[in-house]
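Peer 1: Supplied in structure tokens, the structure appears directly below.
The values are calculated or read from the model by the stated rules, or taken from the named source; none is laboratory data. Note that the structure is predicted; figures quoted are calculated from it, not measured. Here the Cβ positions follow ideal geometry from the backbone for every residue, glycine too, while neighbour counts run over all protein chains shown. Protein only, heavy atoms only, side chains kept; ligands, DNA and RNA dropped before computing areas. Shrake-Rupley method; radii C 1.70, N 1.55, O 1.52, S 1.80 Å.
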Amino acid sequence: MVQIIGSAVLILFICNLIGQLWVNKWEEYQDSLWMATIMGLLTLFAAFQVVAVPAIFMKVKLHVMVIYMAVVIVVLSVASFIYIFKSGGAYYEHQVEKLKRAVKDRGNVWLLVAAALILYQTWYASSHDALNGDDVRYVGAILDAVETDEMLMYHPATGEYLGEIISEFKKDAVAPILMFWAMWSKLLGIHGGAFAHTLVPLFMVPMAYGTAFLMGYKLCRRDNRWTGMFLSVYCLFNLLNHTLPIEGVGKTIYYMRWGKSILYCFLIPFVILLLMEMMDAKKEGQIYIRLGVTLLGGCLASTMSCIMLPFLTGIWAVFDGIREKSVRRFLIPILLCIPAVVYGLFYHSL
């Protein structure tokens, strides 16, 4: 269990470190722990997605992707360390001071309530084996990749070697979140089943709630009390929905190893947040770059991401372009959707 928790902390730290490259010049989120961590994860999503899809169809071995991602992580981490050092190197000390002030501030009691609810749900998702029929394929594909070094070449239910990607497995090749988890499993030396069921919730559930926190902080005009109340209510709704016989957010947040859960609980809220920031941004170019990385990285999670995220962004761009009477405000978000649309069309052409 120590290895599982330590690995989850390491992944969060790596994501936060890489994310520093995105937030240091972003005035609104310059000292935001969550924004840096989320952007770091989305950067790794995008880096893996771009190479993994052609690699899977070319029958490249998993260990090649492990080496590639290890190089990406090391290069980006070193670049971030250098950037932080040149900027004064006081980022993490500042985060500790912020945490101390937040704990002492009586007005932040709702944030503490929300934190307790999030910790409970994270523990529950990690320690209670949330099994589903789809795990035969999802977790089975991870196990096959780690054990055979082949990406999506074995039938996860029968263990039969296929030699090519067939039928529904093709969508897993276009949105290879399973191979992303397999890569981390092999990189950290953790059994694929343990990684998917136990370790993934330890960092993906907080990621989902980190996005909700940032959205609440934006909506509540940076008031910690109202933000904490917003987040607490959101957590309580998830706890309630988890007891109902429906596949709502309260269900999917406990299955964050699935691409569709990542889409519903993490990616869609974060894209909405970026579009909200776009409406207020003085420097739109900074948001455009982050939106582009998010749309590309989002393709990793699910082929539904290739449809829903561009659809959401496109509708927003149409109305925002009309509101601002700006062709640029309409055209640039549409262009940023092209990679996701290409992946979606590629899947439907298979």
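Peer 1: Given (i) 86, 37, 32; (ii) 64, 57, 45; (iii) 58, 50, 48 as candidate values of Cα extents along the principal axes in Å, which corresponds to the one derived from the coordinates?
Peer 2: Entry (iii).
Peer 1: Compare TYR288, TYR264, TYR68 by solvent-accessible area with a 1.4 Å probe and give them largest first, with all protein chains kept in place.
Peer 2: Most to least solvent-accessible, the answer reads TYR264, TYR68, TYR288.
Peer 1: Please list 3J(HN,Hα) in residue order for the range 140-147, calculated via the Karplus relation 6.51 cos²θ - 1.76 cosθ + 1.60 where θ = phi - 60°; whole Hz, with x for glycine and proline.
Peer 2: For the range 140-147, the Karplus-derived couplings read x, 5, 5, 4, 4, 5, 5, 7 Hz, x marking Gly and Pro.
Peer 1: Roughly speaking, to the nearest percent, how much of the range 133-183's 1.4 Å accessible area is carbon and sulfur?
Peer 2: Details: 890 of 1850 Å².
Answer for the range 133-183 is 48 percent, counting heavy atoms of protein chains only.
Peer 1: Take peptides 298-305, 154-161, 190-197, 170-177 and line them up by average Cβ neighbours within 10 Å, highest first, as a rough protection proxy.
Peer 2: Highest-to-lowest ranking by the protection proxy: 298-305, 170-177, 190-197, 154-161.
Peer 1: For the range 1-77, which whole-number percentage of the solvent-accessible area (1.4 Å probe, protein heavy atoms only) is attributable to carbon and sulfur atoms?
Peer 2: On the way: 2350 of 3140 Å².
Heavy-atom surface of the range 1-77 belonging to carbon and sulfur, 1.4 Å probe: 75 percent.
Peer 1: Choose one answer from LEU117, LEU152, LEU17: the residue with the largest mean-square fluctuation in a GNM of the chain with alpha-carbon springs under 10 Å.
Peer 2: Result for the chain, Cα springs under 10 Å: LEU117 fluctuates most.
Peer 1: Take the residue pairs LYS59/LYS171; LYS61/LYS260; LYS59/LYS170; LYS186/LYS260; LYS61/LYS186 and return only those whose Cα atoms are more than 18 Å apart. Working shown, then result.
Peer 2: Values: LYS59/LYS171 16 Å; LYS61/LYS260 26 Å; LYS59/LYS170 13 Å; LYS186/LYS260 23 Å; LYS61/LYS186 12 Å.
Beyond 18 Å: LYS61/LYS260; LYS186/LYS260.
Peer 1: Roll a 1.4 Å probe over the protein chains and send me the accessible area per residue for the chain in Å².
Peer 2: Working: 15950 Å² over 350 residues.
For the chain, the per-residue accessible area is 46 Å².
Peer 1: Separate question: Using a/c under 1.5 as the rounded threshold, could you call the range 202-350 rounded, prolate or oblate? The axes a ≥ b ≥ c are square roots of the C-alpha gyration tensor eigenvalues, and prolate needs a/b larger than b/c, oblate otherwise.
Peer 2: Values: a/c = 2.32, a/b = 1.22, b/c = 1.90.
Oblate, because a/c is 1.5 or more while a/b does not exceed b/c.
Peer 1: For the chain, set up a Gaussian network in which alpha carbons nearer than 10 Å are linked by springs, and say which option among LEU267, LEU312, LEU275 fluctuates the most.
Peer 2: LEU312
Peer 1: Something else: From Cα pairs below 8 angstrom and at least 6 apart in sequence, can you work out the relative contact order of the chain, rounded to a whole percent? Walk me through the numbers before you get to the answer.
Peer 2: On the way: 463 pairs, mean separation 70.3, N = 350.
Worked out over the chain, it gives 20 percent.
Peer 1: Here's another thing I want to ask about it. Determine the relative contact order of the range 193-339: mean sequence separation of Cα pairs under 8 Å and six or more apart, normalised by residue count, in whole percent.
Peer 2: Details: 132 pairs, mean separation 27.3, N = 147.
Taking the mean separation of contacting Cα pairs over the length of the range 193-339, I get 19 percent.
Peer 1: Given the options ILE332, ILE18, ILE38, which has the most mean-square fluctuation in a GNM of the chain, springs set between C-alpha atoms less than 10 angstrom apart?
Peer 2: ILE332
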